[in-house]
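> My questions will all concern the structure given below.
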Amino acid sequence: MAASCPLWSGPMAVSNKDSAIALDVLSSCWQEQQHSINTAGGGCATIFGGVNSAVTDTKSRTASKIGTAVKAYRYQAMRHSGWLVASFISLLLTMPVYGQRYDKPSSSNTMGPARGPVVDPAKVALGKRLFSDSRLSFDDWNSCASCHEPSHGFSEGRPVSVGVLGRRGKRHTPTLLGRASGESQFWDGRALTLEEQVLQPISDPNEMGTTVEAALQRLHQDPVYRNLTRESLAEALASYLRTIRSENSNYDLFLWGWTSAITDQELEGLRLFQNKARCYLCHSGTRFSDEQFHNTGIAWRDSALQDEGRAGITGKSYHKGAFKTPTLRDVGRRGPYMHDGSLATLEDVIEYYNRGGNQNPYLDENIVPLNLTDAEKRSLLAFLRTGLAGKINDGVIERPMQSRNRPVTSAAR
Ligand code: HEC
Ligand code: HEC
């Protein structure tokens with residue numbers, strides 16, 4: 001029997017098989033959550049409630065439990081009583097839980113742009129213009145968007161960045177997706193807030209190569225920017241960055257109850273991601289990052305660390321060669337990968353993890369050989385490449401999941 005669910009704007013077919021799979025994943029996750037809420041966030045955070053990136057936060061743990069109970073109940077209802085009962089129960093249960101989730105913009109339990117300081121539309125619009133304004137750089141050389149290319153998932157296709165006068169940086173340009181919920185900035189976390197971060201590229205000799213004062217002087221000649229100060233420049237850029245996000249991937253739709261939005265192969269990939277392949281240990285929560293620093297062996301080459309990573313900031317030996325876990329949202333469209341851009345494709349990334357990374361004295365204990373079969377590698381790849389491909393939004397302040405107009409091809413299977 002197939003049922004359609006009026007909760008979603010598009011056509012939706014929930015077969016008994018789909019709901020059984022979803023229920024199975026959710027309930028195994030539920031059990032896992034009972035045993036494994038830990039500092040890393042626990043893999044269940046990935047599937048739980050769709051919003052619970054901060055699993056260590058008690059409030060969000062409670063919300064996850066409610067969210068999961070609601071989903072489990074909904075799927076059960078769908079299995080046993082058909083769509084009418086299911087949608088009625090869904091509607092009743094969903095409203096207070098999801099309502100609570102999104103009606104508090106500054107709550108730590110949201111995954112959208114509202115997280116952190118509330119964003120002001122005027123500042124966002126100003127920030128968006130400044131983001132692609134080359135007057136922020138020496139000799140009009142480049143803009144933020146030259147390296148953080150919107151069409152490349154706000155990252156870039158080169159292994160390491162090239163700034164003014166063709167100067168090569170030493171690291172790969174990271175994506176700016178989901179920075180609203182980031183806990184620190186840069187691969188080594190050397191800046192805490194976005195306001196602190198955004199002025200640094202302007203004076204970095206390898207990036208924009210000027211000074212903030214000189215950039216402001218140039219901008220002041222334009223009447224639009226006459227009143228711009230150091231603070232308002234930082235605020236505008238940071239406000240805009242908080243709106244850059246990827247949403248409505250097949251994975252998101254699946255979490256929200258549209259079980260047929262995810263393909264069987266992607267779903268198998270998600271299971272592997274959370275279990276055998278161990279990815280969720282670090283790429284946890286719906287932002288797919290624990291925001292912590294790990295040595296995955298990437299910086300180890302020719303029997304030496306090529307980049308100290310986090311240790312360059314903290315001086316701690318356990319931070320040697322450790323870098324911040326990047327988000328995996330829309331990862332398929334933004335290679336090459338890693339802090340040095342050394343892995344060209346997602347296939348390379350999977351092979352790298354499968355062989356247990358590069359052995360070195362500081363390797364994270366969770367990087368171990370995985371023994372994935374070829375079919376398992378293909379499923380994991382499908383989850384990463386298409387399961388996590390969403391719609392990238394920037395400059396728009398709206399609650400996530402309200403723009404549901406992305407055609408999801410797999411839903412039409
Ligand atoms: C020349 C290329 C280049 C330009 C221009 C540039 N960036 Fe970056 N950006 C990078 C690189 C490379 C890094 C990583 C550096 C590191 O971690 O040491 C980075 C890191 C960042 C991060 C941290 C992301 C994270 O995941 O922690 C933010 C935010 C950011 N840039 C915003 C901006 C803004 C805003 C501008 C314009 C004012 C800008 N960038 C201009 C290359 C560039
Ligand atoms: C021990 C923690 C940990 C585990 C486990 C882990 N990762 Fe990572 N991942 C990281 C860190 C840290 C980085 C950045 C490493 C660097 O650049 O040096 C990263 C980088 C990546 C990137 C590159 C993203 C980008 O924007 O460049 C991908 C893709 C990725 N991981 C996928 C996976 C997959 C798939 C798995 C499971 C097979 C996995 N990771 C397991 C911590 C981890």
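Each value in this text was obtained by applying a stated rule to the coordinates, not by laboratory testing. All values derive from a computational prediction rather than experimental measurement. Cβ sites come from the backbone with ideal geometry, for glycine too, and all protein chains shown count toward neighbours.
> Using all alpha carbons of segment 235-344, what is the percent of pairwise distances in each 5 Å bin, ordered from the shortest bin to the longest?
2, 10, 14, 19, 19, 15, 10, 6, 3, 1
> State, as an integer percentage, the relative contact order of segment 121-241 based on alpha-carbon contacts under 8 Å between residues 6 or more apart.
Details: 197 pairs, mean separation 37.4, N = 121.
Reported as a whole number, the value is 31 percent.
> Provide the net charge surrounding residue 234, with neighbours chosen by a C-beta distance below 9 Å and charges set as Lys +1, Arg +1, Asp -1, Glu -1. Mind showing how you got there, number by number?
Details: positive: 230; negative: 195, 196, 231, 235.
Around residue 234, the surrounding residues sum to -3.
> Next up: Provide the net charge surrounding residue 134, with neighbours chosen by a C-beta distance below 11 Å and charges set as Lys +1, Arg +1, Asp -1, Glu -1. Walk me through the numbers before you get to the answer.
On the way: positive: 135, 218; negative: 133, 139, 140.
Net local charge, residue 134 excluded: -1.
> In whole Å, what are the extents of segment 141-229 along the principal axes defined by its C-alpha atoms, from largest to smallest?
35, 31, 25
> On a full-extension model of 0.36 nm per residue, what is the gain between residue 217 and residue 358, subtracting their alpha-carbon distance, rounded to one decimal in nm? Display every interim value, and only then the final one.
Working: separation 141, 0.36 × 141 = 50.76 nm, distance 4.77 nm.
46.0 nm is the gain from fully extending residue 217 to residue 358.
> A further question on this structure: What's the local net charge at residue 223, with K and R +1, D and E -1, over the other residues with C-beta under 15 Å away? Show your work: numbers first, answer last.
Details: positive: 129, 135, 218, 226; negative: 133, 222.
Within the 15 Å Cβ shell, the charges total +2.
> So, one more: Could you sort out which of 170/320; 123/324; 170/276 sit more than 26 Å apart by Cα distance in this structure?
123/324; 170/276
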